[in-house]
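Note sheet for the following structure.
The values are calculated or read from the model by the stated rules, or taken from the named source; none is laboratory data. What you see is a predicted model; the values in this text were computed from it and never measured. Methodologically, a virtual Cβ is constructed for each residue, glycine included, from the backbone with ideal geometry; neighbour enumeration extends over all protein chains shown. Please note that ligands, DNA and RNA were not included when accessible areas were found on the heavy atoms of the full protein model with its side chains. Shrake-Rupley method; radii C 1.70, N 1.55, O 1.52, S 1.80 Å.
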Amino acid sequence: ADILSIVTFLLVFCVTLHLLMMIYLKLLFMAIFWGGTFIAGRVVAAQMGPYSAAFLRFALASVLLAITLRNREGTLTLPPRKILGSLLILGLTGIFIYNVLFFKSLKLIAAGRAAVIVATNPIFIALFSALFLGDKINLLAVTGILTSVSGALLVITRGKISTLLSSGIGWGEAYVFGCVASWVVFSLVGKTVMKSLSPLHSITYASIVGTVALFFPALNEGLLREATTQAPTVWLSISYLSVFGTVLGFLWYYEGIRELGPARAALFINFVPVSAVFLAYLIIDEPVGLSLLVGTVLVTAGVYLTNRAKLKTKES
């Protein structure tokens, strides 16, 4: 009986460890996929207008998300009337504005630089959550915020922070900060929406709203011409953005939240700028300077400290 108990315990332990390892691997690949969106986005941005690129990405993603939602949750739940305005905000900020600025920025600056700046998202979300949602920020979180912002400034100015006061920042960096601002709104409003809808429902409806909003600007930009004259590499990049960057990335993130909790799952976002810088160097031969490397380390460390502070707060 003792031997049987030991064997049973070991089997259960091994199965549990296997399942947890699968979740960790999914979260790790999620971060790698999200890092890869900056490289794919740069390929698309070089050949296509921002409205057309964003529309094609989310038109495909909306279809795939709707199919996934149907398979996983059984029904497409109609949203309550009281959150229709919030869903409109989600679609306009996280899908429409974010992605138009995303593709505009990648026409002007390197994928690695854009990824490191976007990686400050959790920092600003933490700040505005404290201001508007009553979340607490302790000393560790403040340290993380200052560290991350310092890293972003180092990347933006290419190691010469003093030039920021004399020459400002370029349009490429300004567009990326616009991405950050729109994602902060998307995240904060999303917290209220998910009181009424599941995360997958929320993202699916936001994607549909954003796709509809993008259609007419994309049509005016020359969507039909853009869609019929692109090389296979551009279509592969759009497919990557839709399938890996949007559908799989979000689904695996939600699975991580379900299995490990949101605080622990969010820690894997720290790998996004690291993977983006590495993949940009490996795939499209972007140079990796010392300021980019040091800035990436500082931003990653800052985001980790901020998330760690939130994790400690929840545990306490």
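For the reader, a short list of remarks on this structure follows.
- Annotation note: Cβ proximity below 7 Å between a residue of the range 180-204 that is more than 19 Å from ALA114 (Cα to Cα) and a residue that is of a type in the set (Asp, Glu) (sequence gap 6+ or interchain) occurs for SER198/GLU73; LEU200/GLU73.
- Under the condition of being at pLDDT 75 or above and either in contact with a Leu (Cβ under 7 Å, 6 or more places away or on another chain) or of a type in the set (D, E, K, R) (or both), the residues counted in the range 272-290 number 2.
- Scoring HIS201 on the criteria (1) in contact with an Asp or Glu (Cβ under 9 Å, 6 or more places away or on another chain); (2) modelled with pLDDT of 90 or more leaves a single failure, condition (2).
- Residues of the range 89-109 that turn out to be closer than 18 Å to PRO199 by Cβ and more than 16 Å from the chain's Cα centre (by Cα), as a count: 1
- Unmet criterion (only one of (1) at pLDDT 85 or above; (2) of a type outside the set (Lys, Arg); (3) more than 20 Å from the chain's Cα centre (by Cα)) for LEU19: (1)
- Extreme residue, farthest from ALA111 (Cα to Cα), among residues of the range 276-300 that are touching a Ser or Thr at 6+ places or on another chain (Cβ under 9 Å), open to solvent by less than 20 Å² (accessible area, probe 1.4 Å) and among the small types (Gly, Ala, Ser): GLY295
- As a summary of the residue check, TRP252 satisfies the conditions (1) assigned to a helix (DSSP H, G or I); (2) of a type outside the set (Lys, Arg); (3) modelled with pLDDT of 75 or more; (4) under 24 Å from ALA110 (Cβ atoms) except for the one numbered (4).
- Residue pairs meeting the criteria (Cβ under 6 Å; at least 6 apart or on separate chains; first among the polar types (S, T, N, Q), in the range 104-126; second open to solvent by 30 Å² or more (accessible area, probe 1.4 Å)): SER105/TYR175; ASN121/TRP183
- Any hit, the range 55-62, residues being at pLDDT 90 or above and either assigned to a loop (DSSP other than H, G, I, E, B) or of a type in the set (Phe, Trp, Tyr) (or both): yes
- Every residue from the range 22-38 that is open to solvent by 20 Å² or more (accessible area, probe 1.4 Å) and either among the hydrophobic types (A, V, I, L, M, F, W, C) or under 11 Å from LEU248 (Cα atoms) (or both): MET22, LEU25, LYS26, LEU28, PHE29, ILE32, PHE33, TRP34
- If the condition is being open to solvent by 10 Å² or more (accessible area, probe 1.4 Å) and part of a helix (DSSP H, G or I), then the range 103-120 contributes LYS104, ARG113, VAL118.
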